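Please read the structure below before turning to the comments.
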Amino acid sequence: MASPPGVSHLQPLRIFEKAGSAVNVVFFCALGFAACAAPSDPAKEKPAVRVIQLPDRLRVEINGQLFTEYRFKDVPRPYCYPLIGPGGLAMTRH
């Protein structure tokens, strides 16, 4: 299959190759869910997002509640599990 004009080779997008990129992706996903779960009263504080570094994973919390854990040690490919959505509903299947 020929490449488009001006493009010699297309590379797949690999956002989780570097730990720094992965941390950013997880953090901004958490911010997005926090915005969805934010109270409708603008006078209330915005949710606090914390990323806690553990030896084998990064734990992401919103207002002290688990949002997800980014697991990266001793696995063939890093992943986020569980992924907790607004209202405490699990977004990942078992």
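The values are calculated or read from the model by the stated rules, or taken from the named source; none is laboratory data. In this text, all values refer to a predicted model and were calculated from it rather than measured experimentally. In this analysis, Cβ positions are derived from the backbone assuming ideal geometry, glycine residues included, and neighbour counts consider all displayed protein chains.
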Considering residues that are under 18 Å from Met91 (Cα atoms) and touching an Asp or Glu at 6+ places or on another chain (Cβ under 8 Å), the number found within the range 59-81 is 6
List every residue pair whose Cβ atoms sit under 6 Å apart, with the two residues 6 or more apart in sequence or on different chains, where the first one lies in the range 45-57 and is basic (Lys, Arg) and the second, anywhere, is at pLDDT below 90. none
In the range 64-90, residue surrounded by the most Cβ atoms within 10 Å (Cβ to Cβ) [restricted to those that are among the aliphatic types (A, V, I, L, M) and closer than 14 Å to Val49 by Cβ]: Ile84
